[in-house]
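Asker: Take a look at this one; I'll ask things after.
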Amino acid sequence: MTTVTPASGAPVQQRLIRDGAVVADDWLPPAEQTPGEGERRILTLAQWQAAGSPAGAAVQLETDDDPAALLDALPGLALVAVHFEAFTDGRGFSLARRLREAGFTGELRARGSLLPDQAHYLRRCGFNALEFSDPDRLAQARERLAVFSTDYQGAADQPLPLFRRRA
Amino acid sequence: MYRYDDYDQRLVDERVDQFRDQTERYLRGDLDEAEFLPLRLQNGLYVQRLAPMLRIAVPYGLLDARQVRKLAHITRHYDKGYAHISTRQNVQINWPRIEDVPDILAELASVQMHAIQTSGNCIRNTTTDPLAGVAADELEDPRPWCEIIRQWSTLHPEFAFLPRKFKIAVCGSREDRAAIHSHDIGLEIVPGPDGENGFRVLVGGGLGRTPVIGSEIRPFLERRHLLSYLEAILRVYNLHGRRDNKYKARIKILVKAMGVEAFTAAVEKEWEQLRDGPTTLPDAEIGRIAAFFSAPPYASVDTAAEAAVLEAHCASEPIFANWVRRNSHAHQAPGYRAVTVSLKATGNPPGDISAAQLDRLADLCEAYSFGQLRTTHQQNVVLADVRESDLLPLWRGLQAVGLACPNAGYLTDMICCPGGDFCSLANAKSIPVAEAIQARFEDLDYLYDLGPLELNISGCMNACGHHHIGHIGILGVDKKGEEFFQVSLGGNQGKDASLGAILGPSFRREDMPDVIETLLRVYLDHRLEEETFLQTLRRIGMQPFKERVYDNGNAR
């Protein structure tokens with residue numbers, strides 16, 4: 001994995017769980033200014049569209065964005081982030097499932113206001129990357145990625161409901 | 001009755017561990033109030049006016065004797081020795097300590113019970129007909145479908161943070177005893193074109209501030225598609241329901257805003273992506289769940305002899321005879337009756353039941369009803385499978401603990417929320433109003449003469465007491481810090497469901513028994529032979545009631 005050091009040269013904070021492991025983030029969060037040449041920065045949906053919807057980009061959806069805007073470009077995107085303004089805003093869970101059902105296989109990241117206690121549900125809905133700025137909460141979330149050893153419903157992680165798996 | 005296997009047990013056990021961890025982190029300050037709030041609500045824990053309240057799930061109202069004894073034990077050891085049956089067929093205890101709740105949940109898990117999703121903005125307990133499986137007018141037992149929905153909705157990863165709470169009810173009989181028209185989703189089991197039953201799907205019914213009768217979005221859904229279709233409805237709601245105003249966040253508001261046609265189209269479009277996927281129900285799974293609800297081993301009785309015994313019992317005990325007439329119901333199995341145990345005796349807050357009464361009910365259901373009982377959304381208990389010749393000993397057993405009140409379906413069998421005595425949302429105290437009305441109408445002959453009558457009381461417009469669908473509805477309102485009560489007439493929860501209309505200006509609490517009495521006198525003066533209160537009201541309209549009540553100077 002490539003680790004990118006931001007322009008400031010400051011060490012990258014460990015604030016990301018990716019595929020179950022705590023890793024250094026190799027993407028910069030969205031910012032108001034257009035990213036510089038070669039800068040690996042997550043774009044807002046508007047920025048990405050203004051840039052001509054480039055492939056290989058990382059795009060962030062707000063929970064009230066329509067994911068239809070991304071569907072055609074999904075196979076070429078490096079990363080889709082869903083930004084939770086409030087942890088009680090459950091739209092992000094449905095957005096994630098829609099993106100996975102549309103066949104997106106790249107990194108799907110949840111960021112913003114999240115509780116460690118949501119890690120299990122977020123993972124089930126298709127997020128394979130979770131961002132937490134607080135290191136304690138990051139650790140707590142990692143421990144809670146699978147608080148239940150089985151689940152009744154099919155979802156992005158396990159498409160078969162329990163009734164198709166019961167021994 | 002559904003029995004947990006290792007998977008089900010593991011899930012409730014892991015849920016207890018999860019909540020223990022969350023409670024500990026909250027008590028040590030790792031989780032703040034706002035963060036702990038949805039987590040505790042999804043485990044049924046409210047913080048109320050006087051103490052926390054824990055709402056325990058009773059899936060579609062079904063309990064066995066062991067579970068009833070466990071509830072009695074919990075009320076004794078962690079609470080004040082009584083429990084309350086809610087209008088979602090759940091059980092509430094009003095005085096637990098927050099730090100004890102994980103232990104209470106562990107006790108529940110030991111008898112295959114939990115408090116999962118009994119509150120919060122998620123899919124709540126699915127409710128149904130308390131006479132499911134035994135009612136004479138039943139097309140199909142709805143309980144297997146409730147269990148299938150329970151499993152699907154339990155810890156659903158996508159729908160734990162909905163805009164608002166979400167309630168589903170299923171009805172499988174000709175008469176609707178599950179109030180499916182006033183649920184977020186109402187499912188009616190209906191015969192299909194090829195002889196296999198399916199579902200008529202209603203969406204967007206509800207009570208609360210904006211009462212709405214549900215709209216049909218699909219006249220027939222094949223049964224194997226039930227879960228994928230529910231998933232499509234929930235996803236449309238989750239993505240598009242309003243989140244800016246909690247009073248406009250229920251699905252009924254979304255359905256109104258989009259229009260039924262556009263909403264239906266959105267659901268059908270979402271469903272196209274989901275239908276025929278892995279969530280499609282195989283016949284084997286439907287059969288596996290249905291087998292848990294097969295009929296108990298009824299004795300093959302000589303119906304004539306059984307009836308003769310019952311008749312002799314009735315002749316010897318006129319009070320018993322009256323109770324049989326009022327509180328027992330026709331049954332599918334010859335020689336059997338279903339029995340309503342009324343929790344509405346005068347002086348008893350509607351729906352409250354003591355630990356001693358719970359223990360007695362556990363014994364009685366073991367002796368006379370195959371070891372099971374049901375809670376009802378009318379806040380009573382039903383023993384569903386009682387042999388006619390056993391009714392007398394059952395009645396004696398009930399009478400000994402004050403549970404033989406013969407008022408099922410009559411005026412004093414009212415629905416009433418816990419109100420301002422307990423609930424921090426309430427505008428007014430509902431229990432004292434219920435008690436004053438019970439005391440006024442204690443005369444049984446008068447009650448029976450009034451015929452079937454549903455009186456429902458809510459302490460605020462959240463409508464937990466279902467006042468909109470009572471023939472007579474009473475709503476507590478706050479006027480500059482003072483409690484008043486608004487009366488509505490003409491609500492009904494059956495298949496011809498209707499919402500009550502407000503009579504006029506509200507009344508003081510102490511005037512309520514007089515107001516009710518005046519309304520009833522208007523009915524008695526106008527009724528034609530055999531006409532019920534509702535029928536008379538529908539024939540003569542509100543005006544005569546209005547005139548008499550307000551002429552009497554009852555209004556404020």
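Asker: Need one value for B:36-43: mean number of C-beta atoms belonging to other chains within 10 Å of its residues' C-beta atoms.
Answerer: Mean partner-chain Cβ count within 10 Å for B:36-43: 2.
Asker: As a test of the definition: which semi-axes, in Å, follow for segment B:30-76 when you take the square root of five times each eigenvalue of its alpha carbon gyration tensor? Largest first, please.
Answerer: With the √(5λ) rule applied to segment B:30-76, the semi-axes are 26, 13, 9 Å.
Asker: Over the alpha-carbon set of segment A:21-167, work out the extent along each principal axis and list the three values in angstrom, largest first.
Answerer: Sorted from largest, the Cα extents of segment A:21-167 read 53, 35, 25 Å.
Asker: Between B:Asp137 and B:Asp514, what's the calculated FRET efficiency when r is the beta-carbon distance and R0 is 51 Å? Round to 0.05. Let's see the in-between values first.
Answerer: Values: r = 38 Å, r/R0 = 0.75.
Step by step, r from the Cβ atoms, then E = 0.85.
Asker: Another question, if that's okay. Could you tell me the largest-minus-smallest coordinate of the C-alpha atoms of segment B:18-161 on each of the three principal axes, in descending order and whole angstroms?
Answerer: In descending order, the Cα extents are 54, 37, 27 Å.
Asker: Give the lysines reachable from B:Lys495 as a straight Cα distance under 23 Å; neighbours fewer than 8 places away on the same chain don't count.
Answerer: Cα-Cα hits under 23 Å: B:Lys167, B:Lys252, B:Lys256.
Asker: Can you pull the semi-axes for chain B, root of five times each eigenvalue of the Cα gyration tensor, sorted largest first, whole Å?
Answerer: Ellipsoid half-lengths, sorted descending, are 33, 29, 26 Å.
Asker: For segment B:127-290, what are the per-bin percents of Cα-Cα distances with bins 10 Å wide, up to the bin holding the maximum?
Answerer: Taking all Cα pairs of segment B:127-290, the binned fractions are 11, 40, 37, 11, 1 percent.
Asker: For chain B, what relative contact order do you get, as a whole percent, if you take Cα pairs closer than 8 Å and at least 6 residues apart?
Answerer: Over chain B, the number comes to 12 percent.
Asker: Roughly how many debye, to the nearest 20, is the charge dipole of chain B about its Cα centre, given +1 on each Lys and Arg Cβ, -1 on each Asp and Glu Cβ, and no other charges?
Answerer: I would put it at about 1560 debye.
Asker: State log₁₀ I(q)/I(0) for segment A:72-142 at q = 0.19, 0.20, 0.29 Å⁻¹ as given by the Debye formula over alpha-carbon point scatterers of equal weight, solvent excluded.
Answerer: Log10 of I(q)/I(0), two decimals: -0.70, -0.77, -1.39.
Asker: Sticking to Cα atoms, compute the Rg of segment B:303-399 to one decimal and its Dmax as the biggest Cα-Cα distance, whole number, in Å.
Answerer: 13.1, 40
Asker: A further question follows. In vacuo Debye scattering of segment B:415-551, one point per C-alpha: log10 I(q)/I(0) at q = 0.09 Å⁻¹?
Answerer: With no solvent term, the Cα-only Debye profile gives -0.24.
Asker: Pull up the DSSP beta bridges for segment B:444-543 and report the antiparallel fraction as a percent, rounded to 5.
Answerer: Values: 12 of 16 bridges.
Once the DSSP bridges in segment B:444-543 are tallied, antiparallel ones form about 75 percent.
Asker: Report the normalised scattering of segment B:263-337 as log10 I(q)/I(0) at q = 0.14 Å⁻¹, calculated by the Debye formula with identical scatterers on the alpha carbons.
Answerer: -0.68
Asker: Another one. Measure of size requested: the Rg and Dmax of segment B:298-343, with Cα atoms as the atom set and Å as the unit; please supply both.
Answerer: 11.2, 33
Asker: Calculate the dipole size of segment A:73-137 relative to its Cα centre from +1 charges on Lys and Arg beta carbons and -1 charges on Asp and Glu beta carbons; express the result in debye to the nearest 20.
Answerer: Approximately 300 debye in magnitude.
Asker: Label-point separation (nm) for A:Glu143 and B:Ala312, each offset 7 Å from Cα along Cα-to-Cβ?
Answerer: The two pseudo-label positions are separated by 6.9 nm.
Asker: Which three extents, in angstrom, do the Cα atoms of segment B:77-199 have along their principal axes, listed largest first?
Answerer: 54, 34, 26
Asker: Work out the mean other chain Cβ neighbour count within 10 Å for the residues of A:96-103 and drop it here as an integer.
Answerer: Partner-chain Cβ atoms within 10 Å, mean over residues of A:96-103: 2.
Asker: Using alpha carbon coordinates only, what is the Rg to Rh ratio of the protein assembly as shown, with Rh defined as the Kirkwood radius?
Answerer: Expressed as Rg/Rh, it is 1.00.
Asker: From the helices alone, meaning DSSP H stretches of at least four residues, give me the mean residue ellipticity at 222 nm for the protein assembly as shown, per-run term -39500 (n - 2.57), in deg cm²/dmol to the nearest 500.
Answerer: Here the helix-only value at 222 nm equals -10000 deg cm²/dmol.
No lab work stands behind these numbers, since they all come straight from the coordinates. It should be emphasised that the depicted structure is a prediction, and the values quoted were computed from it without experimental measurement. Heads up, the Cβs are rebuilt from the backbone with ideal geometry, glycines too, and the neighbour counts pull from every protein chain shown.
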